[in-house]
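Reviewing the structure listed below.
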Amino acid sequence: MVYNILIALFAPLLASFIAGVFAQSKKNTLIGIISSFLIILSTLNSFILLEIVATEGDISIYLSDFIYVGMLKIDFGFIIDPISSIMMITVGVVSSIVHIYSIGYMEHDEGFNKFFSYLGLFVFSMLVLVMSDNFIGLFIGWEGVGLCSWLLIGFWYEKKGISWCANEAFIMNRIADLGMLIAIFLIYNYAGSLRYEDLFLAAPNLPKNIIFWIAGFLFIGAMGKSAQFPFHTWLADAMAGPTPVSALIHAATMVTAGVYLVIRINFVFSEAIFVSNFIVYLGAFVAVFAASMALVNRDLKKIIAYSTLSQLGYMFVAAGLGAYSIALFHLMTHAFFKSLLFLGAGNIMHAMNDELDIKKMGGLYKYMKPTAILMILGSLALCGFYPFAGFFSKDKILEAAFSSDYFIIWIMLLIGAMMTAFYSFRLIMLVFFGKAKYEHHPHEAKIFMLIALAPLGILSLTAGFSDSKFHMFINKVVPDFVINIEHSVAIYLIVITLVLVALSTIFAIYAYKFDIFKPKLENNLIYKLLLNQYNIPKLYSKVFINGYYKIANICVNLDNTIIDKTVDCMANSISKLGEKTDEIHSGNLSLMLRWLVAGFVVLLLLAFFIKGN
Amino acid sequence: MIGLNHYLAVSIIMFTLGLIGIMKRKNLIMLFFSTEILLNSANVALVAIGHFHNDMTGQVFAMFVIAIAASEIAVGLALLVRWYKKTGTIEIDSLMNAKG
């Protein structure tokens, strides 16, 4: 069992090291195969652990001491319980497929080996994050995924503007991480320990306002990682990285970390009612807000990115309502169909020679049927049609909102769902159907890449049916959430949702089939507002970046004129002195003797002088 | 009556002469002479102080200094002869190959 844990955790790290050793050498497909194999090995062990947890209960394991300073005692401790084992298999399944897919996707890239090294490290960091049994381990994983996202978003750093996107993601996360750190300090100060278990025991006895601050600051950290408003701008720009990375970031690692945090520390969040309410409202807001931006965007990957943002909002709504198992369930199903969508988008990008504007595509169904079918499958799951996975998880969130008497939230989520259906099928219609708006002959991706995507397609179809089992499993560790509505009402809700979503889908198909939207619509004020992401990036650059840039400029000037000059001055004067004294060293013996005498005299005078004092 | 200070004064005068000799002379033999004067000025001071303090240590030291001076001169003269044979001069300025 210990070996299962060790292999599950460290196989990705080993993969990263192996690929990392060859990072500078020529691209080698074997590296990709070895990495994929190790990740699959890790995933298999995660499944074994899931089985063990399901039959024998939680596993808590201590590997070694880590930090022992004064009263602070932190171990390398890991906990495998229903939450972390579900996260582990989600991460494992998605990252395995992303790895296999990347062998084909990155085939012609110079940095092939390096790419696999970063991917492995990314998976390892995420596993540390979900498996750790204390906040320091969590934070190490937390920063680890931050670092890897920076490395991977900026993977093609030679291209213009890409470093900017990577830096934006990194800096945004760093700002939010301050909240996380403050929360960790507070926890240590008031609970006296950083283990979840100790906090769990201490939480009921802590003063209410401390719980409020802890929950609040933890959630700020979660907002950064999960790209919630107002930290959301980095997510769309993160699309600058290679597509498999986007799939990994959006489905299984990075952005799910925030939701995971809220689910993991549920005992704190359920005590802090105010924060939980805030999470619900923010989640609902983001669900609609992000979906509305996806409605008009023309960038293939950005549409899917906004869709992730919107779905994360749904997860937060569930988590805020206290329906932690539902949130986790949506996280899992979403991981499957979202990675499917992203990897499908990767196929399209390759076929279109890296063209991303969906208005310049069309008619691709003819050339790439398998990808199209997989993408449609993913979109159906995303919209929440029966019997796809999204139906089971998203509908549960709507029901949960309805049963908790949050009608406004329910309506917002419903609107979000309709928007989701619209933009998903807008994308499908513009990409795969209609008139082709390009010259060249697109080609389908390699067969093994499509086979690798097949499991995701199957999971998008079937993962939903495990819901009752799933909730029973998770409810062992999270407070039970009872959906308190009658069966008939629930049926009504499902029917309402399904009908509205179906209408929205049909409208999208109709609208883009017959092209009812006139180009002059694009001059509309609302359209422009949505396309410019509500002008928020502009606002940020005006309010924060410009001022900061000015301060930075002043600092640069100070640095150049004062600090650099001082150091230069010191160096120069010493160098000049050296040149002068060089002349003494002429090799003339009598001159040396004279200097000797002079030195002797000086020392003698010095001796007298010091004695005189 | 001749006191300790008289001896020390002689020693200082000898030392100063030796120093000036070292600084001024170009001839290597003259340099050796000057070094001898320096060493002997020290001897005068050591013996005089030893005598006035009723202590033999000063004289013992002086003996050491004489022995060392003798061996130094022996080695120095040998080197000097070799140098003269090689270059035909014993001017100090011919020893310029120690330039850094």
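Take A:Gly390 and tell me if it is of a type outside the set (Phe, Trp, Tyr) and not in a helix (DSSP H, G or I). Can you show your working first?
Values: of a type outside the set (Phe, Trp, Tyr): yes; not in a helix (DSSP H, G or I): no.
So A:Gly390 does not fit the description; no.
Just checking, how many residues over region A:50-75 are part of a helix (DSSP H, G or I) and hydroxyl-bearing (Ser, Thr, Tyr)?
Taking region A:50-75 first, the residues part of a helix (DSSP H, G or I) are A:50-56.
Add one more test, that the residue is hydroxyl-bearing (Ser, Thr, Tyr), and what stays is A:55.
The qualifying residues number 1.
Looking at (1) within 14 Å of chain A (Cβ to nearest Cβ); (2) open to solvent by 70 Å² or more (accessible area, probe 1.4 Å); (3) outside any helix (DSSP H, G or I), which is the only condition B:Asn54 fails?
(1)
Being under 17 Å from the mean Cα position of the chain (by Cα), among the β-branched types (Val, Ile, Thr) and either within 14 Å of chain A (Cβ to nearest Cβ) or surrounded by 11 or more Cβ atoms within 10 Å (Cβ to Cβ) (or both) is the filter here, so list the residues in region B:57-91 that pass it.
B:Val65, B:Ile66, B:Ile68, B:Ile73 - these are the residues of region B:57-91 that are under 17 Å from the mean Cα position of the chain (by Cα), among the β-branched types (Val, Ile, Thr) and either within 14 Å of chain A (Cβ to nearest Cβ) or surrounded by 11 or more Cβ atoms within 10 Å (Cβ to Cβ) (or both).
Within the bounds of region A:425-440, is there any residue that is under 28 Å from the mean Cα position of the chain (by Cα) and open to solvent by 40 Å² or more (accessible area, probe 1.4 Å)?
Checking region A:425-440: not a single residue is under 28 Å from the mean Cα position of the chain (by Cα) and open to solvent by 40 Å² or more (accessible area, probe 1.4 Å).
Given the criterion within 14 Å of chain A (Cβ to nearest Cβ), in contact (Cβ under 8 Å) with a residue 40 or more places away in the chain and in a helix (DSSP H, G or I), identify the matching residue among B:Phe32, B:Phe15.
Values: B:Phe15 fails: in contact (Cβ under 8 Å) with a residue 40 or more places away in the chain.
Step by step, each of B:Phe32, B:Phe15 is checked, and only B:Phe32 is within 14 Å of chain A (Cβ to nearest Cβ), in contact (Cβ under 8 Å) with a residue 40 or more places away in the chain and in a helix (DSSP H, G or I).
Which of the residues that make up region A:576-612 are of a type in the set (Ser, Thr, Tyr) and loosely packed, with under 10 Cβ neighbours inside 10 Å?
Hit for region A:576-612 is A:Thr581, nothing else.
Note down all Cβ pairs under 6 Å where the first residue falls in region A:370-383 and is surrounded by 24 or more Cβ atoms within 10 Å (Cβ to Cβ), the second is not in a helix (DSSP H, G or I), and they're at least six residues apart or on different chains.
A:Leu380/A:Phe388; A:Ala381/A:Phe388
For region B:20-43, indicate whether the set of residues that are small (Gly, Ala, Ser) and either open to solvent by 70 Å² or more (accessible area, probe 1.4 Å) or over 11 Å from the mean Cα position of the chain (by Cα) (or both) is non-empty. Spell out how you get there, then give the answer.
Here is the first cut: in region B:20-43, the ones small (Gly, Ala, Ser) are B:21, B:34, B:41-42.
Still in the running and either open to solvent by 70 Å² or more (accessible area, probe 1.4 Å) or over 11 Å from the mean Cα position of the chain (by Cα) (or both): none.
No - not one qualifying residue is present in region B:20-43.
Which condition breaks for A:Tyr365 when tested against (1) open to solvent by 10 Å² or more (accessible area, probe 1.4 Å); (2) within 17 Å of A:Leu312 (Cβ to Cβ); (3) hydroxyl-bearing (Ser, Thr, Tyr)?
It is condition (2) that A:Tyr365 fails.
Scan region A:43-50 and give yes if some residue there is within 18 Å of A:Val98 (Cα to Cα) and in contact (Cβ under 8 Å) with a residue 60 or more places away in the chain, otherwise no.
no
Please identify the pairs in which a residue from region A:385-407 that is in the same structural domain as A:Leu312 (by TED's automatic domain parsing) has its Cβ atom under 6 Å from the Cβ atom of a residue that is in a loop (DSSP other than H, G, I, E, B) and buried (at least 22 other Cβ atoms within 10 Å of the Cβ), counting only partners at least 6 apart or on another chain.
A:Gly390/A:Gly384; A:Phe391/A:Gly384; A:Lys394/A:Gly384; A:Ala400/A:Ala323
Condition first: among the aliphatic types (A, V, I, L, M) and at the interface with chain B (Cβ under 9 Å from one of its Cβ atoms). Now tell me which residues in region A:585-600 satisfy that.
As a first pass, look at region A:585-600 and keep what is among the aliphatic types (A, V, I, L, M): A:589, A:591-593, A:596-598.
Correct list: A:Leu589, A:Met592, A:Leu593, A:Leu596, A:Val597.
Please work out which residue is surrounded by the most Cβ atoms within 10 Å (Cβ to Cβ), limiting yourself to region A:207-239 and to residues that are over 14 Å from the mean Cα position of the chain (by Cα) and modelled with pLDDT under 85. Steps first, please.
Going residue by residue through region A:207-239, those that are over 14 Å from the mean Cα position of the chain (by Cα) are A:207-220, A:229-230.
Filter again for modelled with pLDDT under 85, leaving A:229-230.
Details: A:Phe229: 17, A:Pro230: 12.
The qualifying residue surrounded by the most Cβ atoms within 10 Å (Cβ to Cβ) is A:Phe229.
Just to be sure before I move on: is B:Leu38 within 14 Å of chain A (Cβ to nearest Cβ) and either within 30 Å of A:Lys580 (Cβ to Cβ) or not β-branched (Val, Ile, Thr) (or both) in the structure I sent? First the steps, then the outcome.
Numbers: within 14 Å of chain A (Cβ to nearest Cβ): yes; either within 30 Å of A:Lys580 (Cβ to Cβ) or not β-branched (Val, Ile, Thr) (or both): yes.
Yes.
The values are calculated or read from the model by the stated rules, or taken from the named source; none is laboratory data. What you are looking at is a predicted structure, and each value in this text was computed from that prediction instead of being measured. Here Cβ is always computed from backbone atoms with ideal geometry, including for glycine, and neighbour counts include all displayed protein chains. Accessible surface areas use protein heavy atoms only, side chains included; no ligands, DNA or RNA. Shrake-Rupley method; radii C 1.70, N 1.55, O 1.52, S 1.80 Å.
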